1. Give the residues of region B:37-63 that are over 25 Å from B:Ile250 (Cα atoms) and modelled with pLDDT of 90 or more, sorted by residue number.
2. Would you mention how many residues in region B:209-239 are in contact (Cβ under 8 Å) with a residue 12 or more places away in the chain and either among the aromatic types (Phe, Trp, Tyr) or farther than 30 Å from A:Asp66 by Cβ (or both)?
3. Does A:Gly71 meet the test of being more than 10 Å from every other protein chain (Cβ to nearest Cβ), more than 27 Å from B:Ala151 (Cβ to Cβ) and within 25 Å of the chain's Cα centre (by Cα)?
4. Of B:Val159, B:Val167, B:Val109, B:Val138, which residue is at pLDDT below 85 and among the β-branched types (Val, Ile, Thr)?
5. Here are A:Gly305, A:Gly379, A:Gly323: which of them is within 12 Å of chain B (Cβ to nearest Cβ), surrounded by 23 or more Cβ atoms within 10 Å (Cβ to Cβ) and not acidic (Asp, Glu)?
6. Only residues that are facing chain B (nearest Cβ under 8 Å) and either buried (at least 20 other Cβ atoms within 10 Å of the Cβ) or assigned to a loop (DSSP other than H, G, I, E, B) (or both): list them for region A:77-87, please.
Amino acid sequence: MSGMITVRDLGWKYAPLTDGGKAVESLKHIDFDIPSGSFVGIIGPTGAGKSTLCMALAGIIPNLADGTMSGTVVIDGMNTARYSVSRISEHVGYVQQDPESQLFCASVEDEIAFPLENRGVDPDAMDRRIDDMLELVGMTGYRKRVPTSLSGGQMQRVAIAAALAAEPDVLILDEPTAALDPEGKQEVFDALERIRRTRQLTVVMAEQDTEHIARWADQVLFLVNGELVRNGDTHMFTRERAMLESAGVEVSADPMPRIVAIPDTFDGEPVIAMEHVTHRYAQGGNASAALDDVSVRIMPGSFVGLIGRNGSGKTTLAKHLNGLLKPDRGTVTVDGLDVAWHSVGEMAAHVGFVFQNPDHQIFCSSTREEISFGPAALGLDGGTVFRRADEMMTLFDLHRYEEVSPATLGYGERRAVALASVLAMRTPILVLDEPTAGLDHRLAQRFLGTVKRLNEQGTTVVMISHDMRAIYRYCSHVLRLRDGHVEQFGLIDKSESAQHPQAEPQRRHEPTTNTHGFRKISKHHNKARGKR
Amino acid sequence: MDSDLYVPGDGWLHRADPRVKFLISVAMLVLCLIWRNWAFIAVMLVIEHVMLITDRVPMERIAWVWKILALIIVLIVVLWPIFDTSGTHVLLRWGWLRLTRENLLMAAVMGLRIPALGFACFITLFTTSQPRLIRGLVALGIPYKAGLTLATALRYIPVFFSIFQSVSAAQRARGLDLNGKVTATGRKRNVFVRIVDRFKSYLPIIIAVLIRAYKMSQSVGWAMESRGLNLGARRTYHVKLRMRAQDWMILLITVIAIVCSVWLMVWLL
C-alpha cells in the first residue's frame, strides 16, 4: 500500500475576524500518513480543529481560507499549497457539513452535471454518468428533484455523488451526518460502504458520533485543541475510553436504550393542553397535514422528549406552543392561555423557545446585549436585567465574550449564548429544538444538566432530540410523532424489563446488502482528465 | 415563499428558447421605460398576464408578484402628485398640495409601470430553469461565471428570505411584540412608535442575515471550487439549446411587435 496522504508539521492560524483581533491558532504541528484505500475517522470535541483539518486536506486551506499555514500536505503526490483547489479536486472530493450551502444548483442532475461540465466531459456521456452516480448513492429516480425538497440524508448523498462524479481517489467528509436523524445517518453510511465496495477510494471523515467510526474505520485520528493527540486504530475506543470521554468524545459501549412509553395518570391541571390540533402548511403543495388531530396533555414539571423522524411534525408541534404557528383546527392552551388569541411576543413571558439553528436566533451586537434582550423585552427593570445576564454568563462561562459579537464565536459558544439568552427569561415552560445537535458529549451534558436542574425546580421542558441516550437519561416523558400523528405518549419505562424484552429481533447494523449489480464505473469515460 | 422563482412546468414559454425569452423581457422593459403612455403600459400588462396564464403559471404565483409590488405601487401613486406639482389643469389646490390632470395621469403611469416592469422580468424568471438561464446567457456571449453568479443569487433568494423569517420569529419568541398596543411595561404605543419600532427591529435581523449570507456564500464558493470550477478545461454543457421552428415563430412575432410599438410611438408623437 502506498501513502495517499502525507501531512508534515501542519499548522494553521485563522486570520482574525475583526481588525486588531488575535489570530486563532486552529492546528498545531500535525503529522500523519494515510495509506491508499483506508477509511480514516477524525474525532475530537467541538472546536478541536476537525473541520479545519478537513479543509486542509481538500486544499481549501491554504488556497481559499484566510490565514497562515505552516508545514505541508501532500495528497497523491500533489503539494496542496502549489495547486489550486480545482486542480486538487481532480484527486480529492470534499463534502461539507451543511447540505444547504453546498448544493447550489436547482436540480439533483445539475448538481452532478456541474463537476462534469467543468471538466469538459462530452454532454452525451453525462446522462449515463449522472445515472451511475445516483445509483451508487441509492438515489435513482431523484434526478429532477429540487435539492431543497430532499431530506437531510438524501441531500448529503447527492453531495457525495457530486463530489465523486469526477472520480477522485480521496473523499473528505466534514461531519456529513451532524444534522441528520438516525435513519438519515444510516443511509449515508450505507452509501459510503457501497461505494467503497465498488471502487478503490480513500475516505477521511470527521465525525462526532463515534459509533459508526468504531465499526468502519481502519485508522482513527484524535484531535484536541488543534493537536493530534492520538493516531491509532479503533482499539482506541476500548483501550483509551476514559481519555476520549474526558475530552468530550462519547464512546458508546452500552447498547442504545429502548424508549418505551407507559401510560401516565393524569390528575390536576395540565400546563400544556393540545386538543385535536391539526396544522397544514399553506405553501409547499404538500397535501398531507403536518399535524393531524394531535391531542396531548402535559403536566407541570414534566421533561418531555419529543422524538420522531425528520419531517414527522416535531418542530411544527413545538412552534404551536408559543404561537409561532396557529392551529388550523383544535385548540392549544399553554399556561392557561389560549395560544390562538395571544401574539408570540405575549407568549414569550410564558414559553422560552430555543431554535434549532443558533445562527437564526442571534441578532444582537454583543453577548451581554443578546442575553439581556429577552428579559428587557419582558419589561424587567435595568438592575434585574443586568443581574440575570451576569448570572447566565457565569453559568455558561461567557464573561470573556461579554462585549464580543456572538455571531463571531465558535459553534459551541454560539449554542451557549442562544440557550443562555432564553434561560435568562426564566419562563415556566421551555421548548428546545435539538439543543445539542453538533455539540460534543461534554458540552451537551453540561447544557442538559443545566436544563435538568431548572426542570427539578419546576420548569416544564419539551425537548426535540434525535439522541435517544439523552432522552432516556434526562426526560421523564416521551412523545413520539409519526407523519403528524402521536404514535406514543407517556412516562418513559426505565425498568430493566423494558430494555431487555424477550424475542426482540436484533436490529441489523450491517449495511443493507445490494442485490442489484453495480456497473463498475470505468476511469476511461473521462476524456478530459487524460494524462495531466 | 419557500421555493425558487422558477415555476416548474411545461408550457409554451417553458419550452421556448431562453434567448428568445430574454429578448421579450428586455424589449418589454425598454418599451415600458421610454414610453410614458398609460394605455400602452396597460396593454403591455395585459399581454404579460395572458402570456403567463397561457403558459399555465399558477395564479398564486401571479398574485404573489402583485403582493410584493403592492406597497411600492401604492407609495408611488400617493407620493407622485405630492412631489410633482407640474401641470396646467389644476383640479385641486390645498396649501402646498396641487393636484393637476397631468400629475395624476403620471401617477397612474408610474403605478402601472412598476408591475409592467416586474412582470416583464418574471416572464423569463418564472419559466426558465437555472441551467437553461445560464446556458442562454452564455450563448449570448456573457461569461459563464457571470451567468453562474446571477443564477446562484436567484437560487438563494428564498433561502435568505427564510433566514429572515426565522430570525424575526426568534426575536418575537424572546418577547418583542411589534403589534401590541401596549409595551411590556404597560405604556401605550401609538401608530408612529409602532412603525418606528418595527423598522428598528429589522436592523439587527438584516445584520444577522448578512452574516449568515456571508458565511454561506463562502461555503458555496468552496463547494464550487472543490468541484472543479476553475479547472480551465473547455467547459461543456449538459443542457443543449436548439432554436426550434416554434422559437423562430415567437422570435418573429416579437420583432414585429417591437417594430409596431416603435412605429406607433413615433406616429403618435
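1. Here is the first cut: in region B:37-63, the ones over 25 Å from B:Ile250 (Cα atoms) are B:37-38, B:60, B:63.
Within region B:37-63, B:Ala63 is the sole residue that qualifies.
2. Residues that pass the stated criteria total 3.
3. Details: more than 10 Å from every other protein chain (Cβ to nearest Cβ): yes; more than 27 Å from B:Ala151 (Cβ to Cβ): yes; within 25 Å of the chain's Cα centre (by Cα): no.
Spelling it out, it is not the case that A:Gly71 is more than 10 Å from every other protein chain (Cβ to nearest Cβ), more than 27 Å from B:Ala151 (Cβ to Cβ) and within 25 Å of the chain's Cα centre (by Cα).
4. Going through B:Val159, B:Val167, B:Val109, B:Val138 in turn, just one is at pLDDT below 85 and among the β-branched types (Val, Ile, Thr): B:Val159.
5. On the way: A:Gly305 fails: within 12 Å of chain B (Cβ to nearest Cβ); A:Gly379 fails: surrounded by 23 or more Cβ atoms within 10 Å (Cβ to Cβ).
Matching residue, one of A:Gly305, A:Gly379, A:Gly323: A:Gly323.
6. Here is the first cut: in region A:77-87, the ones facing chain B (nearest Cβ under 8 Å) are A:84-87.
Across region A:77-87, the qualifying residues are A:Ser84, A:Val85, A:Ser86.
Every residue, every condition in (1) charged (D, E, K, R); (2) farther than 17 Å from A:Val204 by Cα, yes or no:
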{"position": "A:Arg82", "(1), (2)": "yes, yes"}
{"position": "A:Ile88", "(1), (2)": "no, no"}
{"position": "A:Val95", "(1), (2)": "no, no"}
{"position": "A:Leu103", "(1), (2)": "no, yes"}
{"position": "A:Ser149", "(1), (2)": "no, yes"}
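So that you can scan it fast, the table gives a plain yes or no per residue for (1) in a helix (DSSP H, G or I); (2) under 18 Å from the mean Cα position of the chain (by Cα):
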position: A:Leu116; (1), (2): yes, no
position: A:Gly120; (1), (2): no, no
position: A:Asp124; (1), (2): yes, no
position: A:Met133; (1), (2): yes, no
position: A:Thr140; (1), (2): no, no
position: A:Arg145; (1), (2): no, no
position: A:Val158; (1), (2): yes, yes
position: A:Ala162; (1), (2): yes, no
position: A:Pro176; (1), (2): no, yes
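The values are calculated or read from the model by the stated rules, or taken from the named source; none is laboratory data. Computed from a predicted model, the values in this text were never measured in an experiment. Note: ideal-geometry Cβ built from the backbone for every residue, glycine included; neighbour counts use all protein chains shown.
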